[in-house]
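One structure is given below, encoded as structure tokens.
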Amino acid sequence: MAADDVVTMEKIVSLCKRRGFVFPSSEIYGGIGSSYDYGHYGVLLKANVKSEWWRALLRERDDVVALDSAIIQHPRTWEASGHLAGFTDPLIDCRTCKLRFRADKLEDAQCGRKPSKHPGESADCDLTDARNFNLMFQTTVGPVQEEGSTVYLRPETAQGIFLSFKHYLQVSRKRPPFGIAQVGKSFRNEITPGNFVFRMREFEQMEMEFFVPPSEAGTWFEFWTAERMRWYVELGIRPDHLRLRPHDQDELSHYSSATSDVEYLFPSAGGGARWQELEGIANRGDFDLTQHAAFSGQKLEYVDTASGERYVPHVIEPAAGADRAALAFLIDAYDEDEIEGETRTVLRLHPRLAPIKAAVLPLVRKDGQPELAREVHRSLRDRFQVEYDEGGAIGRRYRRQDEIGTPFAVTIDHQSLEDRTATLRDRDSLAQDRLPIAALPEELERRLRAPWRSPKLSR
Ligand code: GAP
């Protein structure tokens, strides 16, 4: 484990705020605990994370289809899924400092009166017994609050997929093994949100339910576990910062016969690093389809029209968090090096994840350079997310792009006006190549598609 080269969370939070990736929500009202807004570059980064997830499932395979289901589902959904009765965390109050803790995570918590000690260890602490606290946000539909109008914001995107299983069997012409994938917001009234966007009350999930013949569940579980690990590594996470942890029998959720977590070495607030869940891959068996069949009275099974064989498919579920994944990519990309005696902060993001693919910069703001640079910018923007910047010294503009992870910078200088060439600067190697302006779109395309390896891996 390489905990010593993990950046601190404070540096990540500060960069995110300074460069407008992510910042506290409702700041003008003093903020609202553990709620964050994504700014310009954060939106682009998270969109790229989601688009890479879609690419791996939809574009590179033909056995997965997409869904965007409603956030508010029929309330019976949560009875059938077990969330109404069992989606709870054990909650403990401290009568002295008035803080609340998760009983199962007391070792992570700090009492308000004695910050150096864990609750329970401190003589001052006066803890209540644990009571179960349901994590679902409840609201009402319709103009009057009456019985039957109570609904819940979904705590996971998965259930929407199970509810649509029958529809997909009828319209998608798919037969097991096949998957239904969905990306969207989920809501949990977490008792202890925190560590930046790691645990929030409102977050985005990327989940797939992969329906398989029961006898194939074990094989597909292994397949998706390996596949999801590969996805993170291919997009630049260093393998020694990732591990797979099978759940112990007593950790398994009520619906699961086997779960493995993809864990990442996340920095902790206040220092150090800890293995924490990035994504879970679960073998959910036939639990959900059987439950929804029982509660809805509908048959949720696959019938092979040729052989007459019928069965309730088993489900393998890779369940990832878009916010957690984006955070892990940011952390792993963070780097500092020395250029001309100055420390440079650089995000060595995989080019496919980088919010901006290329910056177009006139060397000086005169002599026709801005005009030519704008022309180049226009010629690239159809194909790539590019940014034009003419303000300030060129060195400062390079640093700014390095900090947001832009892999390439195109610089227009006095020679560009004479021979219509430009320099192409590489964020990682710092190499500057001069090439014809007309060749830029193809060259950028080639470089952005080329296999990429983090320079941090060769240290
Ligand atoms: N359908 C299964 C399910 O929801 P989960 O482990 O509770 O499983 C899946 O959630 C993923 O969603 C987690 O691995 C994590 O990446 C993300 N996630 C869960 N709770 C979160 C929270 N409060 N804030 C941010 N991300 C969260």
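The values are calculated or read from the model by the stated rules, or taken from the named source; none is laboratory data. A quick note: this is a predicted structure, and the numbers were derived from the prediction, not measured. Cβ atoms come from the backbone with ideal geometry, glycine included; neighbour counts cover every protein chain shown. With ligands, DNA and RNA removed, areas are computed over all heavy atoms of the protein, side chains included. Shrake-Rupley method; radii C 1.70, N 1.55, O 1.52, S 1.80 Å.
If I go through region 386-412 residue by residue, how many of them are touching a residue at least 40 places away in the same chain (Cβ under 8 Å), open to solvent by less than 20 Å² (accessible area, probe 1.4 Å) and of a type in the set (D, E, K, R)? Adding up the residues that qualify gives 1. Considering region 165-195, and only residues there that are at pLDDT below 95 and touching a Leu at 6+ places or on another chain (Cβ under 7 Å), the residue that is farthest from the ligand (Cβ to nearest atom) turns out to be I191.
Could you go through region 234-246 and let me know if any residue there is more than 16 Å from the ligand (Cβ to nearest atom), under 30 Å from C16 (Cα atoms), open to solvent by less than 30 Å² (accessible area, probe 1.4 Å) and not in a strand (DSSP E or B). Yes, there is a match, as at least one residue in region 234-246 is more than 16 Å from the ligand (Cβ to nearest atom), under 30 Å from C16 (Cα atoms), open to solvent by less than 30 Å² (accessible area, probe 1.4 Å) and not in a strand (DSSP E or B).
Out of L417, L424, L440, one residue alone is in a helix (DSSP H, G or I) and either within 14 Å of A358 (Cα to Cα) or at pLDDT below 95 (or both). It is L440.
Candidates A306, A293: the one that is farther than 30 Å from M9 by Cα, among the aliphatic types (A, V, I, L, M), out of contact with any Leu (no Cβ under 8 Å at 6 or more places or on another chain) and more than 16 Å from the ligand (Cβ to nearest atom) is A306.
Is there a residue in region 131-150 that is outside the structural domain of S296 (by TED's automatic domain parsing), touching a residue at least 24 places away in the same chain (Cβ under 8 Å) and within 11 Å of the ligand (Cβ to nearest atom)? Yes, region 131-150 contains a residue that is outside the structural domain of S296 (by TED's automatic domain parsing), touching a residue at least 24 places away in the same chain (Cβ under 8 Å) and within 11 Å of the ligand (Cβ to nearest atom). Residue pairs whose Cβ atoms lie under 7 Å apart, sitting 6 or more positions apart in sequence or on different chains, and linking a residue in region 190-202 that is in a strand (DSSP E or B) to a partner that is within 8 Å of the ligand (Cβ to nearest atom), are R199/E190; R199/P193. Considering region 312-325, and only residues there that are under 14 Å from P176 (Cα atoms) and open to solvent by 30 Å² or more (accessible area, probe 1.4 Å), the residue that is nearest to the ligand (Cβ to nearest atom) turns out to be H314. Where helices (runs of 4 or more DSSP H) fall wholly inside region 37-109, the ranges with 3 or more residues that are within 19 Å of the chain's Cα centre (by Cα) are 40-54. A320 meets each of the listed conditions (1) within 18 Å of T406 (Cα to Cα); (2) in the same structural domain as F165 (by TED's automatic domain parsing); (3) among the small types (G, A, S) apart from (1). For region 416-438, the set of residues classified as surrounded by fewer than 13 Cβ atoms within 10 Å (Cβ to Cβ) and within 17 Å of P455 (Cβ to Cβ) consists of S429, A431, Q432, listed by residue number. In region 203-229, the residue that is surrounded by the fewest Cβ atoms within 10 Å (Cβ to Cβ) out of those that are in a strand (DSSP E or B) and within 13 Å of the ligand (Cβ to nearest atom) is F203. Hydrophobic (A, V, I, L, M, F, W, C), open to solvent by less than 60 Å² (accessible area, probe 1.4 Å) and part of a strand (DSSP E or B) - does that describe any residue in region 283-302? No; the residues of region 283-302 include none that is hydrophobic (A, V, I, L, M, F, W, C), open to solvent by less than 60 Å² (accessible area, probe 1.4 Å) and part of a strand (DSSP E or B). Among the residues making up region 145-162, those that are farther than 22 Å from D62 by Cα and under 28 Å from the mean Cα position of the chain (by Cα) are V151, Y152, L153, R154, P155, E156, Q159. If the condition is being more than 25 Å from S81 (Cβ to Cβ) and within 12 Å of the ligand (Cβ to nearest atom), then region 248-275 contributes E263, Y264, F266.
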